[in-house]
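Novice: Attaching a single structure in structure tokens format; questions to follow.
The values are calculated or read from the model by the stated rules, or taken from the named source; none is laboratory data. The structure presented is a predicted model; accordingly, all values stated were derived computationally and were not measured. In this analysis, Cβ positions are derived from the backbone assuming ideal geometry, glycine residues included, and neighbour counts consider all displayed protein chains. Keep in mind that these areas ignore ligands, DNA and RNA; they rest on the heavy atoms of the full protein, side chains included. Shrake-Rupley method; radii C 1.70, N 1.55, O 1.52, S 1.80 Å.
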Amino acid sequence: MATAKKSQKQQTETPLIPAKFQHPAAVLAILLSLVVFFNEVVFEGKVFVAADNIASKSFQTLVSDAEQQGIFPLWNPYIFCGMPGYASLTVHGERYFDVSAFIINRGSKLFGAIMNSPDVGWGLFYYWILGAGVYFFVHDKLKNKIAALISGLAVMHSTYVIILVIVGHMTKVPVIAFFPWIFMIIERLREKFDLRLSLLLVLLVHFMLLPGHIQMIFYCYFAFGIYYLFFLVWSLIKKEHWQGVIRSGSIFAVATGLAFLMTGDQYLSTLEYSKYSMRGSDPIVPSAEAQAKGATNGGLDYEYATNWSFSPGEVMTFFVPSWYGFGSAVPYQGPETNNTEQRLPLYFGPMPFTDAPQYMGVVIVILAGIGVWRNRKDPFVQYSTIVVFISLLISFGKEMPLVYDLMFNYFPMFNKFRIPSMILILVQIFVPVLAGYGIAAMMNQASDKDNAFLKYFQYSLIVLAALLVLSVIFKELFLSFYEMFVPSQVLAEKFGTNAAIVHKIITGFISSEITAGILLLIAGLGGLYLFIKNKISLTILVAVLVSVVLIDLWRVNFKPMNPQPHRDAQSMFATPSYVSFMQQDTSLYRTIEFENGQPPYNNTLAYWRIQSAYGYQGAKMRQIQDVFDVVGLGNPLLWGLMNVKYILSDRADSNSVLFPVFAGSGKHVLYNRAEMPRAFFVSRYEVAKGLDILNNIKGMKFNPYDVTYVMEDIHAAIDPPQEGASVQYSHYGIQDLELKVHATGSNLVFLSESWYPEGWKAFIDGTETPIYRLNYMFRGVVVPQGDHVVTMEFEPAGFYLGKNLSLWLNILVLGGLGYFAVRFFVQKKRTTTV
């Protein structure tokens, strides 16, 4: 009788926050958690300085110049001898014609200003959308606000989600931000058709496509595809509601098509580019491994694609974050560092490096396990579990190739992506959602007690308490268990003479993480147990769960957090003396930078409008990657063809080709004596295969002024240039150029500009003329005798078609949503009046 009264009392407990304010309060709590976690960003104006942040900021000058000139930046002349900028998703201009995108972009920037951080704050806007979306989605499924709040916080603060802004992977967050919102709508459309929701779905899918991170978008659609397949099979087996699955899937397919066209300027450009990209065409010399696996089918090289394969052993990082050393820059302060904090590269797993473990919180993982078990007959739980399992198998990549290789070789588009571990983003979303199911299931025990369950629950807490004591008193026992799986020789192979020190640091981390994890599990599960037993109120339970989950995640997430003062970030783009020296040279030229004999992945020279023959881009053109693979970047003939005038180096080399001309700011500027002009006449051409052309360049077997190579006969009579022939640039713009040419016959002009046929057009005195592909990756035109003006303009058809489609579809979708909004307010006003 007493228990019944307590249960009734608990159910009738007056909530701390009135029901009508609980949704806004939850959304506000999600925002406040962001503000607290990023407090140095919000209150001190700090920013994150990572390679990808620097890479994107390097092109700010290009974007600014294009805006001042009134053009949209479609071409990027600053890296790889020029490449499509917009189509490769490298640079981005203001898309005023895409009204909905313009509104949300301005909204994110306003949010960033309110957060006192224009550089970082706009990204926090999308984190907030993500957390709120998971909250409403889980609430829609479970009608449990506490479970929904915990799931929303847990997804947003999962380690490899929250660090995306820290490491500069900013385009990933806006993609996944709309994933739960889209899921919520397609679930409702499975129940019944709603035109308003259908239009809203188009808009949300459009927002998901906007950032252009194709791989992250692919994984979202992978999850959607499994969803429709699973529920179609499930409904057919149950012989019910299959029409709803077809209806929802059909609407989603149409919404995707319309959303694609709303972003048509971007994606039609990208489709044009894909067949010339290293992600859309095979290398000219596939690796031996790729040939053995038959993976030469228009995608990435297998070895390159699988570099970041998650290993099965690293699943342990779901429970103990430092199991594989944590990451590439782990803060540590102790005797080994003279008690000064240093960031140490402690990761020793099979990936080249990682910034942090794939940690979702040990409490969340255990709650997810409970959610799966207690709701194992729920179809959505079954679906979510399948997605988690399949995603894990794919993430293993070459470490467990059975599933990955099938996907790589046969699944559409999959071989265009690298970093298999990136698919774990689905695990980081669905595991916290399943944890919400676990919380809801356990809270239901307060009114529907299962004595057997409570008994097992009590035993589990006792076991955890015993493990806690053992982890403190006999921590060496746990470390011995750890070394059974990670023997010390593994560290020796990775860290050499420093292995003993690294071993001591890592085992220290692991020991404290095991103890902390067990303690947090006791606190979280204990809070739920006390609530079920009517020992604590609902308000206290919320406080316990929120605190436990955030502490569990933040104790890990703060490690890779390393914000810098804004002035320090700006100082990275203070003009160094070697740049000032090169800026004095106003001629057209390119440069290549070397560090320790290798070109770094660096675009910063673009910030100062200095063009490079190298750079950093994950989807560069296949032709230039082939050049790098076969010829190599240390080839003087290639330097000449690329119009390289200066070599930047950390070494003061001097030889028959290189001559030092300046030293400063830690760099030496070396003049290339084999410099060639940006454009010059060639006496003749020969037809050769692509690989033969590259080998001729590699062996420096020809005089580039005498002969150039083509892969297809251009069927033109070429005269050698005679005395008095001249070619010079009279204009060089972002995506147009002009040459003044005096030809002594039918002369062939070689231009040290990347060949790209989708958009570049050439004109001689206003009449269009063909552009030929010379020496594998450069352009050429045949000019008739006499004085002529040769111009080239970059006008890709996909961009201009997509721009018009985007404008009209924005009018259609926003107009439809506006109509329903007006009708809603009119009806509400009439109801109020009556």
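Novice: Identify, please: which residue in region 260-281 is assigned to a loop (DSSP other than H, G, I, E, B) and either of a type in the set (A, V, I, L, M) or touching a strand residue (DSSP E or B) at 6+ places or on another chain (Cβ under 8 Å) (or both) and is, among those, least open to solvent (accessible area, probe 1.4 Å)?
Specialist: MET278
Novice: Filter region 146-178 for residues that are open to solvent by 10 Å² or more (accessible area, probe 1.4 Å) and over 23 Å from the mean Cα position of the chain (by Cα) and give the result.
Specialist: Result: ILE146, LEU149.
Novice: Also, I was wondering about something else. Looking only at region 788-814, how many residues end up being open to solvent by less than 30 Å² (accessible area, probe 1.4 Å), farther than 22 Å from TYR273 by Cα and hydrophobic (A, V, I, L, M, F, W, C)?
Specialist: Number of matching residues: 3.
Novice: Something else about it: Within region 588-608, restricting attention to residues that are part of a loop (DSSP other than H, G, I, E, B) and at pLDDT 95 or above, which residue is nearest to TRP639 (Cα to Cα)?
Specialist: The residue in question is TYR589.
Novice: Let me ask something else. Answer with yes or no whether GLN625 is open to solvent by 10 Å² or more (accessible area, probe 1.4 Å) and either assigned to a loop (DSSP other than H, G, I, E, B) or touching a His at 6+ places or on another chain (Cβ under 6 Å) (or both).
Specialist: no
Novice: Between residues in region 365-392 that are touching a residue at least 12 places away in the same chain (Cβ under 8 Å) and residues that are open to solvent by less than 40 Å² (accessible area, probe 1.4 Å) and among the basic types (Lys, Arg), which pairs lie under 8 Å by C-beta distance while being six or more apart or on different chains?
Specialist: Final answer for the pair search is none.
Novice: Moving to a separate point now. If we scan region 220-240, do we find a residue that is of a type in the set (Gly, Ala, Ser), surrounded by fewer than 20 Cβ atoms within 10 Å (Cβ to Cβ) and in a helix (DSSP H, G or I)? Working first, answer last.
Specialist: Taking region 220-240 and keeping what is of a type in the set (Gly, Ala, Ser), we get 223, 225, 235.
From the residues that got through so far, the ones that are surrounded by fewer than 20 Cβ atoms within 10 Å (Cβ to Cβ) too are 225, 235.
In the following step, the residues that additionally are in a helix (DSSP H, G or I) were identified as 225, 235.
Scanning region 220-240, I find at least one residue that is of a type in the set (Gly, Ala, Ser), surrounded by fewer than 20 Cβ atoms within 10 Å (Cβ to Cβ) and in a helix (DSSP H, G or I), so the answer is yes.
Novice: Could you list, in sequence order, the residues of region 46-60 that are open to solvent by less than 20 Å² (accessible area, probe 1.4 Å) and either of a type in the set (Gly, Ala, Ser) or in a loop (DSSP other than H, G, I, E, B) (or both)?
Specialist: Correct list: PHE48, ALA50, ALA55, SER58, PHE59.
Novice: Please state which one of GLU67, GLU94 is assigned to a loop (DSSP other than H, G, I, E, B), more than 16 Å from GLY615 (Cα to Cα) and at pLDDT below 95.
Specialist: Among GLU67, GLU94, only GLU94 is assigned to a loop (DSSP other than H, G, I, E, B), more than 16 Å from GLY615 (Cα to Cα) and at pLDDT below 95.
Novice: Further question: Among (1) touching an Asp or Glu at 6+ places or on another chain (Cβ under 8 Å); (2) open to solvent by 40 Å² or more (accessible area, probe 1.4 Å), which single condition is TYR437 missing?
Specialist: TYR437 satisfies all of (1) touching an Asp or Glu at 6+ places or on another chain (Cβ under 8 Å); (2) open to solvent by 40 Å² or more (accessible area, probe 1.4 Å) except (2).
Novice: Only residues that are of a type in the set (Val, Ile, Thr), open to solvent by 10 Å² or more (accessible area, probe 1.4 Å) and at pLDDT 95 or above: list them for region 105-145, please.
Specialist: The answer is ILE129, and nothing else.
Novice: So is LEU633 open to solvent by less than 40 Å² (accessible area, probe 1.4 Å) and either without any contact (Cβ under 8 Å) to a residue 40 or more places away in the chain or within 29 Å of GLU738 (Cβ to Cβ) (or both) or not?
Specialist: In short, no.
Novice: Would you confirm, using the coordinates I've provided, whether VAL556 is within 30 Å of ILE146 (Cβ to Cβ), in contact with a helix residue (DSSP H, G or I) (Cβ under 6 Å, 6 or more places away or on another chain), aliphatic (A, V, I, L, M) and open to solvent by less than 20 Å² (accessible area, probe 1.4 Å)?
Specialist: yes
Novice: Which of the helices (runs of 4 or more DSSP H) contained wholly in region 355-438 include at least 2 residues that are at pLDDT below 95?
Specialist: Per the criteria, 362-374, 401-410.
Novice: Let me ask another. Does ALA465 satisfy the condition of being touching a residue at least 60 places away in the same chain (Cβ under 8 Å), open to solvent by less than 80 Å² (accessible area, probe 1.4 Å) and either assigned to a helix (DSSP H, G or I) or closer than 24 Å to ASN375 by Cα (or both)?
Specialist: It is false that ALA465 is touching a residue at least 60 places away in the same chain (Cβ under 8 Å), open to solvent by less than 80 Å² (accessible area, probe 1.4 Å) and either assigned to a helix (DSSP H, G or I) or closer than 24 Å to ASN375 by Cα (or both).
Novice: Also: Quick one: is LEU300 within 21 Å of the chain's Cα centre (by Cα), modelled with pLDDT under 95 and either charged (D, E, K, R) or not in a helix (DSSP H, G or I) (or both)? Break it down stepwise before answering.
Specialist: Working: within 21 Å of the chain's Cα centre (by Cα): yes; modelled with pLDDT under 95: yes; either charged (D, E, K, R) or not in a helix (DSSP H, G or I) (or both): yes.
The answer is yes for LEU300.
Novice: Take the conditions open to solvent by 40 Å² or more (accessible area, probe 1.4 Å) and modelled with pLDDT under 95 and apply them to GLN785. Does it pass?
Specialist: Against the criterion (open to solvent by 40 Å² or more (accessible area, probe 1.4 Å) and modelled with pLDDT under 95), GLN785 does not qualify.
Novice: I would also like to ask the following. When you check PHE573 against the structure, is it assigned to a loop (DSSP other than H, G, I, E, B), open to solvent by less than 60 Å² (accessible area, probe 1.4 Å) and at negative phi, yes or no?
Specialist: Taking the combined requirement at face value, the residue satisfies it.
Okay, residues lined up against (1) open to solvent by 40 Å² or more (accessible area, probe 1.4 Å); (2) in contact with a Phe, Trp or Tyr (Cβ under 8 Å, 6 or more places away or on another chain); (3) outside any helix (DSSP H, G or I):
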position	(1), (2), (3)
LEU461	no, yes, no
LEU470	yes, yes, no
GLU483	yes, no, no
THR507	no, yes, no
ALA516	no, no, no
LEU525	no, yes, no
